[in-house]
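As structure tokens, the structure follows; a few thoughts come after it.
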Amino acid sequence: MQEFDPHVLEEKPIPPPEEFSKKARIGSLDEYHKMYAAAQADPESFWGEQAKLLHWFEAPKKVLDWKPPHAKWFVGGKLNVSYNCVDRHLEKNANKPALMWEAEDGSTIQYTFAELHERVCQFANVLLTLGVKPGDCIAIYMPMIPELAIAMLASARVGAVHSVIFGGFSATAIADRVADCKAKILITADGGFRRGKIVPLKETADAAMKNCPTIEKCIVVRRTKEEVAWQEGRDLWWHELEEKASKENIAAPFDSEHPLYILYTSGTTGKPKGVLHTSAGYLLQCTWSTQLVFDLQEDDIYWCTADIGWVTGHSYVVYGPLSNGASVVMYEGAPDFPQKDRFWEIVDRYKVTIFYSSATAVRAFMAWGTEWINAHKLTSLRLLGTVGEPINPAAWKWYFEAIGKNRCPIVDTWWQTETGSILISPLPGATPTKPGSATLPLPGVIAKVVNMKGEPVGPGETGYLTIQKPWPSMLRTIYGDDERYAREYWTRIPGVYFAGDAAQCDKDGYIWVLGRVDDVIKVAGHRLSSMEIESVLVSHPAVAEAAVVARPDEIKGEAIVCFVALRVGHEPSKELRKELMDYVANTIGSIARPSDVRFTSLLPKTRSGKIMRRLLRELATKGAVTGDTTTLEDMAVIERLLKAQADDEE
Ligand code: WTA
């Protein structure tokens, strides 16, 4: 959890730049307050009105059907998500750039809306030819190439449910996710490029498919042209299928609550949970929040740097901006390839106006130094955004000055895989900002910081962040596990949505999100679970027990520290430490590589046998334990851990 210097909470708000407010969709705080009040007074009319932002084949009959904790939004409506993101722009904007893709090697491909439409229709026809039916699940494991967005839009077009698996995940992680959603088709590529090297995606997918009995077909995009293993009958080249497919496809209407996608995310147990999003409510709130939070205008060039494998990429690379008919920049590779100014070079070349990135990226740019920035003009930029973790005020200020040249408002956007879209954020032309705060909830969002009984805590006191009323893009359930959905989100604090974050609300009603209160670790904004890493560690033959905690990291926000007790016959060594780090990285993915593995003979536990992660967190962070240890079973354990650490440091 982030610790803020208390004086930060006293800091004076920075008003939105006047020039920006003049042209903004929402140009004053007054206007925001009015909109907020209207939404609060009558949420259903408010959302009913916003729903006009979408194209409907049949208008909804009822805005909300709320049987806690299950919501149905825009009941009776019929729409097609892919039609909304592509077809509806053809009349006015057929020749407007939709996707502007840049490969890591510098080559580019640009698709107008007409061209994107053609490819989405073709691939939708491919899926239909392969027998895909509405409701079937399609797993997607791809690099950041246009075909990834095309696959998602084509899946939505035929009513299939996509489950995108981040390209950095390993074979075991893929197999677990595919087994859970019972995907019939896996779409991948022969490989991808990262820092000039080839990432062998097909090879990893092949290893995963050994344990994926539900997969009938594997569609492979040719990206690297490297030779890959091939299973006749199962594996099919994307380009060969596409060549044979018709360019015409009529988008069929689907129900508002038709499932759109499942995205796996880490929670408090070892098993990742499949967050289920449905069609209309999700698309509506993505579309609406993209307009409001990014103040999207017709001629904007919009770049969200997130990988599509995470929710930010789903909502703010693909669905939100394309549904608005925006021109989207998409980049394949690493921010420091071939040099640390790659992003700024892209900003200047495409004349990017809206730049949305992560707090980790901002801290890395800051560490790399301004010489990488000063070589570029950055005059096209008019708005900056950040997401994924708390951004510390120093990084915020640096972003504002060095990248935004004191001219661009910053939107610090708070939301989650589960919320589907941004819920707390400044409106850039309206909300005065305070560095480090996501500021105020968007209209229609009732956010409160409360104690465990659900009572609001006072200004400056730490409590739990909750959302008090259902919202259109909320997750509908955890796929296949309604009970866990109800338990984790709606019963901890009865009747309201529990976000899992600690937060404070200051005297102006500004929300300061401090970090997770559960065992979710945020490494460079990527969400990982302590339990998931622990269960990998204990599956290693040398490990008897493991406890995993986060410690603060200057760039990545948090880093992973593992405490490991070895089985009899195994001795601590540098080699074993490295082996365990590799083992975690190979089983989950390199994003989960521990920063440190510490050996211990015992782990601190409560009398009931629960590992006391809080103590270990303190130990990993401060090198000492000061908190309450009264429930600790064996005090000597802490002594031993402290000693082991001292030995390590010698
Ligand atoms: C954290 C990412 C502080 C938070 C879209 C949340 C943030 C988790 C912010 C969700 C922010 C996200 N300030 N913390 N602006 N945005 N978080 O599911 O802990 O990958 O619960 O979704 O990220 O992570 P997820």
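The values are calculated or read from the model by the stated rules, or taken from the named source; none is laboratory data. Bear in mind that the values here come from a model prediction, so they are computed numbers and not experimental data. Every residue, glycine as well, gets a Cβ built from its backbone with ideal geometry; the counts of neighbours run over all protein chains shown. SASA here: full protein model, heavy atoms, side chains in, ligands and nucleic acids out. Shrake-Rupley method; radii C 1.70, N 1.55, O 1.52, S 1.80 Å.
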Counting only residues in the stretch 600-644 that are loosely packed, with under 15 Cβ neighbours inside 10 Å and among the small types (Gly, Ala, Ser), the one modelled with the highest pLDDT is identified as Ser601
So, Val496, is that one touching a residue at least 60 places away in the same chain (Cβ under 8 Å) and of a type in the set (A, V, I, L, M) or not?
no
Residue pairs qualifying under the 6 Å Cβ cut-off, at least six apart or on distinct chains, with the first in the stretch 406-417 being within 18 Å of Lys23 (Cβ to Cβ) and the second being open to solvent by 20 Å² or more (accessible area, probe 1.4 Å) and among the basic types (Lys, Arg), are Cys408/Arg382
Residues of the stretch 424-443 being among the polar types (S, T, N, Q) and either within 10 Å of the ligand (Cβ to nearest atom) or at positive phi (or both), in sequence order, are Ser425, Ser437, Thr439
Per the filter on the stretch 391-406, residues aromatic (Phe, Trp, Tyr) and within 12 Å of the ligand (Cβ to nearest atom) are Trp396
Heads up, the strands (runs of 3 or more DSSP E) in the stretch 56-156 (entirely inside) with at least 1 residues that are open to solvent by 50 Å² or more (accessible area, probe 1.4 Å) are 62-67, 70-75, 108-112
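One line per residue, one yes/no per condition, for (1) under 30 Å from Lys197 (Cβ atoms); (2) more than 25 Å from the chain's Cα centre (by Cα):
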residue: Glu58; (1), (2): no, yes
residue: Leu64; (1), (2): no, yes
residue: Pro68; (1), (2): no, yes
residue: Asn84; (1), (2): no, no
residue: Leu99; (1), (2): yes, no
residue: Glu104; (1), (2): yes, no
residue: Leu116; (1), (2): yes, no
residue: Leu130; (1), (2): no, yes
Yes or no: the stretch 444-463 includes at least one residue that is within 12 Å of the ligand (Cβ to nearest atom) and within 25 Å of Gly320 (Cα to Cα). no
Condition set farther than 18 Å from Tyr282 by Cβ and out of contact with any Gly (no Cβ under 9 Å at 6 or more places or on another chain), scope the stretch 407-423, selection nearest to the ligand (Cβ to nearest atom): answer is Cys408
Kindly indicate whether any position in the stretch 324-340 is farther than 27 Å from Gly168 by Cα, in contact (Cβ under 8 Å) with a residue 24 or more places away in the chain and of a type in the set (D, E, K, R).
no
- prompt: Can you find even one residue in the stretch 204-222 that is surrounded by fewer than 19 Cβ atoms within 10 Å (Cβ to Cβ), farther than 13 Å from Leu186 by Cβ and modelled with pLDDT of 95 or more?
  reply: yes
Residue count, the stretch 345-357, condition surrounded by fewer than 23 Cβ atoms within 10 Å (Cβ to Cβ) and in a helix (DSSP H, G or I), comes to 5
Just one listed residue, out of Glu3, Glu31, Glu58, is farther than 21 Å from Leu384 by Cβ and modelled with pLDDT under 95, and it is Glu3
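A quick yes/no check of all residues on (1) at positive phi; (2) among the hydrophobic types (A, V, I, L, M, F, W, C):
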| site | (1), (2) |
| --- | --- |
| Asp519 | no, no |
| Ala524 | yes, yes |
| Glu545 | no, no |
| Pro552 | no, no |
| Leu566 | no, yes |
| Glu571 | no, no |
| Ala585 | no, yes |
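Identify, please: which residue in the stretch 176-203 is assigned to a helix (DSSP H, G or I) and surrounded by fewer than 19 Cβ atoms within 10 Å (Cβ to Cβ) and is, among those, farthest from the chain's Cα centre (by Cα)?
Glu203
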Cys562 passes all but one of the listed conditions (1) assigned to a strand (DSSP E or B); (2) in contact with an Asp or Glu (Cβ under 8 Å, 6 or more places away or on another chain); (3) more than 18 Å from Ala644 (Cα to Cα); the exception is number (3)
If we ask which residues in the stretch 534-557 are within 16 Å of the ligand (Cβ to nearest atom) and of a type in the set (S, T, N, Q), their number turns out to be 0
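Check Ala447, Ala430 and return the single one that is among the small types (Gly, Ala, Ser) and open to solvent by 10 Å² or more (accessible area, probe 1.4 Å).
Details: Ala430 fails: open to solvent by 10 Å² or more (accessible area, probe 1.4 Å).
Within the list Ala447, Ala430, the selection yields Ala447.
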Within the stretch 358-390, of all residues that are within 12 Å of the ligand (Cβ to nearest atom) and assigned to a strand (DSSP E or B), the one farthest from Thr417 (Cα to Cα) is Gly385
Hey, any hits in the stretch 44-54 for a residue that's assigned to a strand (DSSP E or B), crowded, with 16+ Cβ neighbours inside 10 Å and away from the ligand (no atom under 16 Å from the Cβ)?
-> no
Of (1) within 16 Å of the ligand (Cβ to nearest atom); (2) modelled with pLDDT under 95, Met531 satisfies every one except (1)
